[in-house]
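Reading through the structure tokens given below for one structure.
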Amino acid sequence: MTAHQPRKTSATEAETEDMVWLDGGVFKMGSDNHYPEEAPVHLAKVDGFWIDRLPVTNRQFAAFVEETGHVTTAEIAPDPKDYPGALPEMCKAGSLVFVQPPGPVDLSNWYNWWSFMFDADWRHPQGLGSSIDAIMDHPVVHVSHSDALAYAKWAGKDLPTEAEWEYAAWGGTEDAEFAWGDELEPNGEHRANVWQGSFPWENAERDGFARTSPVGSFPPNGFGLSDMIGNTWEWTDDWYIARHSSPTSKPCCIPSNPRGGEEEASHDPGDTARIARKVVKGGSHLCAPNYCRRYRPPARHPHPIDTSTSHIGFRCVRRGGKEASGLG
């Protein structure tokens, strides 16, 4: 990876408060060793950008909602016309919540641990009766792509591209299994909030957390960014494509600031509602060795833009170089 050391500079606080400037560079994007959608490994180049040091928290999202009156997707009942075949009684406001089963289940059927709960939203992460009062410094969840983008625009920022996010997640490292090396728990040390035990029914909680954790609870990566891996998946602004573009050996042809596929191509062929999907990155507290090994920078997954869950959050970026942040 070719990059300079990241640094926090003296830009105006309103523009880059609690962000880190990355100079950008060329890096190896993707992986040939895990899931097919991560392949092929290829060189990509990103320009310099600012990125949030931490995911957006409940406290920060609450300030956004208080000022703007924003109503999240999970708080709005879906229109049955947009979902052919949906039962009318299911077209109510709500969101997907992880519910731990009491014993082993069929891992090919995610309905065994996900439940669409009416009245589950960012204020009520476990459904009606739950609260964020004690977890204000945890990452906000139950936010759709449009909710995350609305927050970013309000903050004068944007959502990262997949390439920006992956470059930032590596923290200046490459040619390793994880951003911190080749072992998930080097010397027994937990480097991210992920699942310990047999997913989805047995959670040993050796890292101290059954669900989300306060942001910054685990060591930052080489760029000083925390929670890029684990805790919650994070939205990017790229449409999902099932495979990366083929690599090139010519320096002149390395993709610069690449973006994902086309919106139309992002749809799940089996989805009758034809909901477009964006790329989410980083894995979450539900990623486990026996089920989901997506706690790595190259890992990626498609997620419908209209769907929120209890394990997807986001962080923001700001582009335009140092001059755009008052450093020129």
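So here's what we get for this one:
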| quantity | calculated |
| --- | --- |
| Shape of segment 167-231, Cα gyration tensor, a/c cut at 1.5 | prolate |
| Rounded, prolate or oblate (a/c below 1.5 giving rounded, otherwise prolate when a/b exceeds b/c) for segment 160-292 by Cα gyration tensor | oblate |
| Mean separation of Cα contacts under 8 Å, 6 or more apart, over the residue count of the chain: relative contact order % | 26 percent |
| Cα→Cβ-extended label distance, 7 Å offset, between Thr272 and Ala86, nm | 1.3 nm |
| In Å², nearest 10: area of Arg206 left accessible to a 1.4 Å probe | 150 Å² |
| Charge dipole (debye, nearest 20) of segment 230-328; +1 at Cβ of Lys and Arg, -1 at Cβ of Asp and Glu | 500 debye |
| Helix-only [θ]222 nm of the chain, DSSP H runs n ≥ 4, -39500 (n - 2.57) each, per residue, nearest 500 | -3000 deg cm²/dmol |
| Cα gyration tensor category, rounded, prolate or oblate, for segment 215-267 with a/c compared to 1.5 | oblate |
| Share of carbon and sulfur in the accessible heavy-atom surface of the chain [1.4 Å probe, %] | 51 percent |
| The chain, accessible area per residue, ligands and nucleic acids excluded (1.4 Å, Å²) | 44 Å² |
| Candidates per chymotrypsin sites (Phe, Trp or Tyr not before Pro) in segment 179-272, loop by DSSP, up to 14 other Cβ within 10 Å | Trp201 |
| Per-selection Rg to Rh, segment 237-328 - Cα, Kirkwood hydrodynamic radius | 1.03 |
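The values are calculated or read from the model by the stated rules, or taken from the named source; none is laboratory data. No experiment lies behind these values; they were computed from the predicted model shown. Every residue, glycine among them, receives a Cβ derived from its backbone with ideal geometry; neighbour counts consider all protein chains shown. Ligands, DNA and RNA are stripped out before the accessible areas are found, and what is left, the full protein with its side chains, is counted by its heavy atoms. Shrake-Rupley method; radii C 1.70, N 1.55, O 1.52, S 1.80 Å.
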